[in-house]
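Asks: I have a structure I would like to understand better, so I am pasting it below and will then ask my questions one at a time.
Nothing in this text is a laboratory measurement; each read-out follows from the coordinates by a stated rule. All figures in this text were calculated on a predicted structure; none of them were measured in a lab. All Cβ positions, even for glycine, are placed from backbone atoms using ideal geometry, and neighbour counts span all protein chains on display.
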Amino acid sequence: MSAEAAGEFPAAAPLPAAEGTAHTAAREPGGRPPEITRGTARPEGGGRAAGGAAPAPARQWPILLVLAGALIGLVVTATGQFRAGTIIVGASLLVGAGLRWALTAVGMLAVRSRFTDVITYGILGAAILLLALMAQPDPVIRIPFLEDIIHFSVR
């Protein structure tokens, strides 16, 4: 019977100490070495959107564009124009989806994979835009089955 089959495992080798740290071979309960993250990979397209010579805000222009649009939409909403403000917020998220899909380097607009970011920004933007167009009073569009769901759930 081998040691593995008997439930006995050899002790793991200690992790090498990083330069300039006082790392010891302390182990967590159960004999596992402590988990140390050495680095994290950037998401695809997460590099600078402009060259390194450009000032910091210019390097992150895609996320700044989307955030500026959302901020403008929130200000418009706060001034009493609910429908117009939420349409601007939804449209800025759709712009973010388009930028993420079309550009290879979008800086901090890249959060996960390109596919995940485009789907997330697109669904959220479309949902906000759709709800803004359906808002009462005087909705711009009517979707009867959604009205039926709301009436059924409110009863």
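Asks: What list of ³J(HN,Hα) values in whole Hz, one per residue of the stretch 132-143 in order, does the Karplus curve 6.51 cos²θ - 1.76 cosθ + 1.60 (θ = phi - 60°) give from phi, with Gly and Pro shown as x?
Replies: Residue by residue, the stretch 132-143 yields 5, 6, 9, 4, 7, x, 6, x, 6, 10, 10, 10 Hz.
Asks: Could you line up R114, R100 from fewest to most neighbouring Cβ atoms inside 10 Å? Before the final figure, lay out the partial values.
Replies: On the way: R114 16, R100 24.
In order of increasing Cβ crowding within 10 Å: R114, R100.
Asks: Mind giving me the nanometre distance, one decimal, between the label points for F152 and L71, set 7 Å out from Cα along Cα→Cβ?
Replies: 4.4
Asks: Once the Cα gyration tensor of the stretch 56-154 is diagonalised, what are the square roots of 5 times its eigenvalues, in whole Å and ordered largest first, as equivalent ellipsoid semi-axes?
Replies: Values: eigenvalues 173, 59, 14 Å².
One finds semi-axes of 29, 17, 8 Å for the stretch 56-154.
Asks: At 7 Å along the Cα-to-beta-carbon direction for both L133 and A58, put a label point, then send me their distance in nm to one decimal.
Replies: 3.8
Asks: If the viscosity is 0.692 mPa s and the temperature 37 °C, what Stokes-Einstein diffusion coefficient in µm²/s follows for the stretch 85-142 when Rh is the Kirkwood radius over Cα pairs?
Replies: In µm²/s, the coefficient rounds to 276.
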